[in-house]
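Presented below is the structure to which this report refers.
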Protein chains: 2
Amino acid sequence: MKAEIITIGDEILIGQIHDTNATWISRQLNDAGIRVRERVTVGDEAGQITGAVDRALGRAEAVIVTGGLGPTKDDITKQTLAAYFGGELALHEPTHAFLEQMLGERGIAFNDLNRGQAYLPTCCTVLPNRNGTAPGMWFERDGRVLVSLPGVPFEMKALVTDEVLPRLREHFRLRSIVHRTAITFGLAESVLATTIAPWEEALPPYLKLAYLPNPQFIRLRLSAYEAEHDRAAREIEGQFAALRELIPAYFLGFEGATVQSAVADLLTARGETLGTAESCTGGAIASSFTAMAGASDYFLGGVVSYSNEAKTGMLGVDPAALAEHGAVSREVAEQMAVGARRALGSTYAIATTGIAGPGGGTPDKPVGTVWMAIATPEGVYARLAHYGQLREQNIQRATAQAINMLRLYLVGGRDVLVNEGLL
Amino acid sequence: MKAEIITIGDEILIGQIHDTNATWISRQLNDAGIRVRERVTVGDEAGQITGAVDRALGRAEAVIVTGGLGPTKDDITKQTLAAYFGGELALHEPTHAFLEQMLGERGIAFNDLNRGQAYLPTCCTVLPNRNGTAPGMWFERDGRVLVSLPGVPFEMKALVTDEVLPRLREHFRLRSIVHRTAITFGLAESVLATTIAPWEEALPPYLKLAYLPNPQFIRLRLSAYEAEHDRAAREIEGQFAALRELIPAYFLGFEGATVQSAVADLLTARGETLGTAESCTGGAIASSFTAMAGASDYFLGGVVSYSNEAKTGMLGVDPAALAEHGAVSREVAEQMAVGARRALGSTYAIATTGIAGPGGGTPDKPVGTVWMAIATPEGVYARLAHYGQLREQNIQRATAQAINMLRLYLVGGRDVLVNEGLL
């Protein structure tokens with residue numbers, strides 16, 4: 001079955017806040033097996049609200065509306081929906097009693113504005129809101145359902161969980177949708193698509209594949225609609241296992257996996273440790289590991305060697321190598337990695353040196369030139385990368401690819417680095 | 001004039017990601033004096049896209065569409081819009097040449113899927129995308145405009161700023177609204193409002209003040225509508241100068257200013273330098289400076305001393321201090337700051353040591369306990385902070401407040417730290 005979501009509020013349309021309510025509701029509905037067909041945001045204006053409601057009810061079996069239920073006169077959702085469904089506002093005794101008690105307990109005067117919150121459409125089922133003054137409202141027409149909820153997130157969430165979802169499940173006798181998302185890294189979308197085309201074409205027809213590209217990685221989501229839950233979940237597991245066989249060097253894991261979480265898992269499992277020596281990434285590699293809980297189990301520390309003196313003094317880079325090859329060079333990247341591994345006493349070290357931009361480029365070494373290296377017990381390996389003009393992107397890409405270089409090594413040793421054309 | 005925004009993507013409808021693009025575009029349009037009337041999110045399905053486009057163009061003069069422009073077959077926005085506006089896809093030579101060059105530089109094979117990105121509707125103006133494979137497309141019909149943009153945020157943002165807004169301004173001959181936003185840090189919204197009430201009440205009536213609170217800081221936006229541009233801009237400058245006098249320790253600067261950009265500006269102006277020694281913030285302080293262009297002018301480097309050995313070996317922290325007071329202590333924070341300043345030869349150093357969580361807390365030093373210190377030519381100053389249970393929040397807060405400690409010192413010396421109750 002299909003649903004639509006309508007959020008009401010000028011603060012969303014001027015971009016002051018993200019529409020986090022719509023995201024949260026979307027996820028709840030999907031998890032419950034309800035497909036969200038469309039989402040709309042409109043302002044606090046009767047014509048817009050009525051238009052959006054009318055179109056949504058024409059397309060979907062259920063419509064969830066949030067916002068515009070406050071006591072002030074700029075909030076008009078309740079009046080507008082009462083008129084749309086052909087009802088009137090009347091005093092709802094249980095709500096009135098609840099509000100009087102709640103506001104009394106909080107020491108808030110029970111004035112006309114608050115009392116107005118207890119006047120509700122006669123044509124709806126009232127969904128009690130324990131956390132605020134605006135109850136939810138459940139309207140039905142020709143078997144279709146429209147639910148109106150307050151926009152305050154914690155009030156809305158409690159109503160969805162406690163009232164709306166159980167009622168939707170019962171009203172529509174729902175079956176579930178199964179989603180699972182795998183994360184790949186290191187293949188451009190076009191190459192990935194070509195590589196896995198035979199796998200994709202052999203998927204059973206009830207599984208839908210979606211590509212969700214990020215700057216950093218590409219997520220592949222398999223969704224089973226209208227299928228028996230356990231069978232679909234097993235089928236998806238099996239399909240992703242086959243996909244992992246097909247692209248072992250690029251398959252990071254499932255939802256939430258990143259290159260750094262993959263490296264963290266590998267290091268923790270092996271009882272090995274990591275250090276960093278960063279120039280152009282400026283602490284972003286260290287920071288991406290230490291952002292994860294449990295980092296102290298394997299991350300010993302790092303050096304951000306922005307100045308040449310930091311490279312020579314803290315990492316033991318040879319001043320002659322700096323003078324001869326420049327800070328952005330294979331020699332310096334390798335010496336930084338080796339120096340960090342030695343100074344920190346770690347099993348591995350990752351190093352980067354490059355020109356993040358916008359300044360500092362030369363014809364020989366334009367902005368976006370990055371050398372990265374990993375030092376291992378076997379030896380040190382370095383590679384050169386060329387990125388673009390944007391500093392933020394260059395830092396992000398160098399961070400992810402330097403970490404990925406260690407991940408590839410941990411997965412398959414030097415051979416994988418060679419196979420990937422990185423050495 | 002009115003605009004609408006259409007975002008395309010199943011990942012939004014299933015609640016996997018927030019629709020941050022729509023929020024960002026809403027803000028840009030509003031700042032340009034364009035009112036966003038409605039926002040819609042639809043899936044990658046031709047009928048839905050065409051329906052949403054048709055309704056939006058019936059209501060608004062400009063429609064911005066993002067998403068669905070990737071090279072894979074689930075992305076159909078381009079084909080759908082070409083059909084809707086009555087054009088065909090044809091090879092666009094400049095895009096083809098650009099893609100061949102860009103992918104060549106990045107070492108990505110130029111296959112049929114990539115080549116397909118250079119086939120564009122004959123009925124649109126192509127807006128070149130320097131940062132990705134999908135150009136923007138500008139369609140016109142009866143004076144109304146529809147712009148289709150890629151969904152990757154940094155590609156979309158560059159296109160909006162460089163191509164879309166200038167063209168919209170010209171096409172619709174927009175009057176300018178003057179906006180300027182000041183950033184404050186360190187005062188709660190209610191305290192800030194009380195403190196600046198006299199200033200706010202004395203503003204000329206054609207200037208409107210808006211509070212835009214964030215978790216990290218509060219932005220104050222002054223907007224002049226229907227006023228002569230240069231005069232309004234001068235008036236706003238003068239008003240913000242007066243505001244800065246009123247709250248010198250809390251006024252960070254203007255739109256985009258952060259504690260780190262304020263410190264960067266102060267250090268650059270003075271020709272002074274900075275180093276860092278981070279334990280619980282794990283590289284986030286170094287990373288927040290090096291993320292900004294020009295960091296190499298003042299940032300010499302840093303140490304992420306996660307292990308005790310890194311603290312003693314690289315920063316010269318006394319092992320006896322570690323044994324007696326523990327790693328999370330005034331003594332160790334001070335020695336880290338002094339050690340980083342000495343090792344890096346910088347004018348100042350910032351240090352942090354704390355328990356970010358979720359593990360590692362004790363009854364004496366629960367999760368969220370952070371010591372931070374700054375080393376200066378005059379001496380070293382340390383303070384203790386208590387945050388909450390969430391690792392990410394603890395790292396963010398410690399990062400911002402440790403940097404702010406140096407900022408306060410640079411603005412007014414040790415006296416300000418004392419006045420603020422930090423020492």
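A few points about this structure:
- Subset of the range A:184-201 that is within 12 Å of another protein chain (Cβ to nearest Cβ) and touching a residue at least 24 places away in the same chain (Cβ under 8 Å) - its residue that is farthest from A:A249 (Cα to Cα): A:E189
- Condition check for B:T41: at pLDDT 95 or above and of a type in the set (S, T, Y): yes
- Selection from the range B:265-295 of residues that are outside any loop (DSSP other than H, G, I, E, B), touching a residue at least 12 places away in the same chain (Cβ under 8 Å) and in contact with a helix residue (DSSP H, G or I) (Cβ under 7 Å, 6 or more places away or on another chain): B:L266, B:T268, B:L274, B:G275, B:T276, B:A277, B:E278, B:A284, B:I285, B:S288, B:F289, B:A295
- Test result for A:E237, surrounded by fewer than 23 Cβ atoms within 10 Å (Cβ to Cβ) and over 30 Å from A:V178 (Cβ atoms): no
- Among residues of the range B:42-79, those that are closer than 18 Å to B:R144 by Cα and among the polar types (S, T, N, Q), counted: 2
- Some residue of the range B:75-83 being over 21 Å from B:V160 (Cα atoms), among the polar types (S, T, N, Q), crowded, with 16+ Cβ neighbours inside 10 Å and without any contact (Cβ under 8 Å) to a residue 40 or more places away in the chain: yes
Condition check ((1) assigned by TED's automatic domain parsing to the domain that holds B:A373; (2) touching a Ser or Thr at 6+ places or on another chain (Cβ under 9 Å)) across all residues:
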| site | (1), (2) |
| --- | --- |
| B:R231 | no, no |
| B:Q239 | no, no |
| B:E245 | no, no |
| B:T268 | yes, no |
| B:S287 | yes, yes |
| B:G301 | yes, yes |
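- In the range A:315-365, the residues that are away from chain B (no Cβ under 14 Å) and under 16 Å from B:S307 (Cβ atoms): A:Y348
- Residue check for B:L252: surrounded by 15 or more Cβ atoms within 10 Å (Cβ to Cβ), touching a residue at least 24 places away in the same chain (Cβ under 8 Å), away from chain A (no Cβ under 14 Å) and part of a strand (DSSP E or B): yes
- Qualifying residue in the range B:347-360 (condition: outside the structural domain of B:G186 (by TED's automatic domain parsing) and free of Cβ contacts under 8 Å to residues at least 12 places away in the same chain): yes
- Only one of A:F154, A:F139 that is over 30 Å from A:R397 (Cβ atoms), in a helix (DSSP H, G or I) and aromatic (F, W, Y): A:F154
- Considering (1) within 34 Å of the chain's Cα centre (by Cα); (2) part of a strand (DSSP E or B), the lone condition that A:A90 does not fulfil carries the number (1).
- Single residue of the range B:296-314 satisfying the filter (buried (at least 21 other Cβ atoms within 10 Å of the Cβ) and in a helix (DSSP H, G or I)) that is farthest from the other protein chains (Cβ to nearest Cβ): B:K311
- Filtered residues of the range A:330-354 (kept if more than 17 Å from A:F299 (Cβ to Cβ) and surrounded by fewer than 24 Cβ atoms within 10 Å (Cβ to Cβ)): A:R330, A:E331, A:E334, A:V338
- Taking the range A:6-27 as the range and being more than 7 Å from every other protein chain (Cβ to nearest Cβ), part of a helix (DSSP H, G or I) and without any contact (Cβ under 8 Å) to a residue 60 or more places away in the chain as the test, the residues that pass are A:D10, A:E11, A:I12, A:A22.
- Residues of the range B:315-353 satisfying the condition of being closer than 22 Å to B:H386 by Cβ and part of a strand (DSSP E or B): B:I350, B:A351, B:T352, B:T353
- Residue within the range B:218-232 that is within 13 Å of chain A (Cβ to nearest Cβ), in a loop (DSSP other than H, G, I, E, B) and free of Cβ contacts under 8 Å to residues at least 60 places away in the same chain present: no
- None of A:I14, A:I34, A:I64 is β-branched (V, I, T), under 21 Å from B:N21 (Cα atoms) and buried (at least 18 other Cβ atoms within 10 Å of the Cβ) except A:I14.
- Residues in the range A:369-389 that are under 22 Å from B:A109 (Cα atoms) and either outside any strand (DSSP E or B) or in contact with a His (Cβ under 7 Å, 6 or more places away or on another chain) (or both): A:T369, A:Y387, A:G388, A:Q389.
- Scope the range A:33-52; condition more than 7 Å from chain B (Cβ to nearest Cβ), out of contact with any helix residue (DSSP H, G or I) (no Cβ under 6 Å at 6 or more places or on another chain) and in a helix (DSSP H, G or I); matching residues: A:G47, A:G51, A:A52
- If you go through the range A:372-423 and pick out every residue that is of a type in the set (V, I, T), away from chain B (no Cβ under 14 Å) and within 31 Å of the chain's Cα centre (by Cα), you end up with 3.
- Residue check for B:N30: within 11 Å of another protein chain (Cβ to nearest Cβ) and without any contact (Cβ under 8 Å) to a residue 24 or more places away in the chain: yes
The values are calculated or read from the model by the stated rules, or taken from the named source; none is laboratory data. Values in this document were obtained by computation on a predicted structure and should not be read as measured data. Cβ: placed from backbone, ideal geometry, glycine included. Neighbour counts: every protein chain shown.
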